[in-house]
Each structure stands twice: as structure tokens, then as C-alpha cells.
Amino acid sequence: MPLKTIPLSGWIEKPRWIRRPDATGFIRVRWQKLRLAAFARWDSWRLRNEPGEKIFLDCGSNFGQGALFFSRFFSPQDWKYILIEPNPACHPKLRRLARQRLSGRSQQGLLLPGAAWTQKGNRILYGADCGESSVGASLQPSHNRAEGVRRGQRRLSVPTFDLSKILEKVGQKKKSGPAPCLVMKLDIEGSEIPVLSHLMKCGTLRLLQALYVEWHSSFLPSGHREKVRREEASLTRRLAQQTAVRDWV
């Protein structure tokens with residue numbers, strides 16, 4: 001499988017794995033999308049009568065693709081959307097999206113410009129190009145779909161949030177009402193293992209009614225991939241003891 005470089009006018013050239021489409025791959029992707037939609041439809045249905053405010057957290061929003069997908073099932077008329085994204089190239093579009101398409105009758109979508117992490121501070125975001133080529137930017141220098149993130153591409157210092165503190169704050173029980181109902185999508189490009197382990201340690205994972213997470217071991221160098229894949233499988237089993245865990249792809 002050759003590694004090619006796609007020229008991007010005005011931006012740094014970004015390596016990308018080029019795959020030839022085949023019937024097996026098409027069927028697999030189609031099946032994953034149908035399965036994900038079925039889970040989202042089921043979760044939205046089972047949570048529709050939950051008391052308290054309904055909040056959807058989209059960690060790793062990029063340009064809002066995931067939030068728009070989930071808004072088909074978790075309607076912005078009923079769910080408040082909180083978008084968390086560290087890459088400043090994505091923020092203008094996310095603000096428009098939060099204001100125009102993810103706002104409901106009594107709540108408006110909210111953007112938190114920073115990275116979901118285990119503590120508040122600052123970290124380097126690797127591969128954060130200016131423009132639409134920002135897909136795949138990560139806090140992990142060993143992560144990404146190609147080596148270009150670790151060589152020569154733009155590196156930014158971005159603010160980080162303690163995701164446990166955010167869940168604790170938005171999931172806090174109101175004085176005169178029930179605790180909010182929380183659902184979260186987590187697509188944070190290789191940081192999911194330390195972040196989810198942190199949520200379990202802090203006890204805030206239990207605040208979630210459902211968790212959609214994308215695992216990224218397949219984007220690691222081959223020598224490290226299998227070890228991380230085993231860690232992902234082990235962590236998934238432990239997460240499932242505390243909340244409903246779904247694969248986000």
C-alpha cells in the first residue's frame with residue numbers, strides 16, 4: 001500500500017494512506033454505519049423520558065461531522081450540545097454550527113475551545129494544519145494516519161480541560177430537580193485510553209448514560225499497534241460495567 005502525498009493548495013502537504021475501494025471494505029463500512037445508527041436510535045429512544053436536562057458532549061468535534069450525525073437522533077430541540085475541539089482552524093465553523101443547527105427551543109449549542117484531557121493546562125497538538133486538512137490532529141506524537149504529523153507539520157500549544165471536571169460540572173444535580181442525562185461521543189485521536197482511565201478513576205464515567213468512542217490503535221506504527229489494541233479491549237470491558245459503550249467510527 002503506497003504512501004502518497006496529496007498537495008493541498010496554500011497548506012503544508014499532508015501524507016495520506018490511499019486505499020483502493022473493494023467490495024469487502026464497502027460492505028464493512030456500510031455495516032458499521034448502519035450498526036451505529038441503530039445504537040443511536042435505540043439510545044435516544046430509551047433516554048427520551050429521562051428526567052432532568054439532556055446534554056450531548058462531543059469531544060473531538062473537528063468540523064462537526066459527528067455532532068450533525070447524532071443530531072438526527074438526539075434532537076437539538078431536546079438535547080443541549082457541548083462541542084469540545086482543540087484545533088483553532090475548526091472553531092469558526094463549529095461556532096456557526098452550534099448557533100445555527102445545534103440550538104433548540106431553550107438551549108444553544110456551546111463550543112469549548114480546548115482538548116479533552118486528564119488535567120487543566122497546555123499541551124502540544126501535533127498535525128494542526130490551517131484549513132480543512134486538520135483531520136487527525138492529536139496530542140499524541142506517536143499517533144496519526146501517516147508519519148507527516150511527527151515531521152514538519154504545524155505544532156500548536158493548546159489549552160486542555162480535565163474532562164472529569166467538565167462531566168462533574170455539567171452532570172451536577174440541580175437543587176430543585178434531577179441530575180442531567182449525559183451522552184458523550186469521544187474521538188480524541190489516540191488520547192482515549194488515558195482519558196477514559198482517568199474518568200473511571202475519578203468515578204465520573206458513571207454519570208454517562210451512553211458513551212460512543214473511537215479507538216485509534218489501527219493508526220499506530222505496527223510495532224506498537226497490537227499492545228494498544230489489547231489495552232483497548234481490556235478497557236472496553238471495564239467501561240461496559242459502568243455505562244453503555246458503543247463504537248464510533
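The values are calculated or read from the model by the stated rules, or taken from the named source; none is laboratory data. Keep in mind that what you see is a predicted model, and the values were worked out from it rather than measured. As a convention, Cβ positions derive from the backbone with ideal geometry for all residues, glycine included, and neighbour counts pool all protein chains shown.
Figures for the structure shown
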| item | result |
| --- | --- |
| Scan of the stretch 201-249 for residues that are assigned to a loop (DSSP other than H, G, I, E, B) and without any contact (Cβ under 8 Å) to a residue 12 or more places away in the chain, ordered by number | Gly203, Ala240, Gln241 |
| Breaking point among (1) in a strand (DSSP E or B); (2) within 15 Å of Lys185 (Cβ to Cβ); (3) without any contact (Cβ under 8 Å) to a residue 60 or more places away in the chain; (4) not acidic (Asp, Glu), for Leu102 | (1) |
| Enumeration of residues in the stretch 64-99 that are out of contact with any Phe, Trp or Tyr (no Cβ under 9 Å at 6 or more places or on another chain), part of a helix (DSSP H, G or I) and in contact (Cβ under 8 Å) with a residue 60 or more places away in the chain | Pro88 |
| Pairs where the first residue, in the stretch 47-63, is on the phi > 0 side of the Ramachandran plot and part of a loop (DSSP other than H, G, I, E, B) and the second is of a type in the set (Val, Ile, Thr) and surrounded by fewer than 19 Cβ atoms within 10 Å (Cβ to Cβ), C-beta under 9 Å, 6+ apart | Asn62/Val135 |
| Residue that is at pLDDT 75 or above and either surrounded by 19 or more Cβ atoms within 10 Å (Cβ to Cβ) or assigned to a loop (DSSP other than H, G, I, E, B) (or both), where the choices are Ser164, Ser133 | Ser164 |
| Selection from the stretch 196-243 of residues that are crowded, with 18+ Cβ neighbours inside 10 Å and among the small types (Gly, Ala, Ser) | Ala210, Ser217 |
| Scan of the stretch 180-195 for residues that are assigned to a loop (DSSP other than H, G, I, E, B) and either surrounded by fewer than 20 Cβ atoms within 10 Å (Cβ to Cβ) or at negative phi (or both), ordered by number | Pro180, Asp187, Ile188, Ser191 |
| Total residues in the stretch 1-46, condition in a helix (DSSP H, G or I) and either modelled with pLDDT under 60 or buried (at least 16 other Cβ atoms within 10 Å of the Cβ) (or both) | 5 |
| Matching residues in the stretch 152-198 - criterion: being touching a Gly at 6+ places or on another chain (Cβ under 9 Å) and hydroxyl-bearing (Ser, Thr, Tyr) | Thr160, Ser164, Ser191 |
| Only one of Gln153, Gln172 that is exposed (fewer than 13 other Cβ atoms within 10 Å of the Cβ) and either more than 30 Å from Arg225 (Cα to Cα) or at pLDDT below 85 (or both) | Gln172 |
| Residue match in the stretch 68-90 (condition: buried (at least 20 other Cβ atoms within 10 Å of the Cβ), of a type outside the set (A, V, I, L, M, F, W, C) and touching a His at 6+ places or on another chain (Cβ under 8 Å)) | yes |
| Selection count where residues are modelled with pLDDT under 95 and among the β-branched types (Val, Ile, Thr), scope the stretch 212-249 | 2 |
| Conditions (1) within 15 Å of the chain's Cα centre (by Cα); (2) surrounded by fewer than 21 Cβ atoms within 10 Å (Cβ to Cβ); (3) modelled with pLDDT of 95 or more; (4) within 30 Å of Arg35 (Cα to Cα); number of the one not met by Pro113 | (4) |
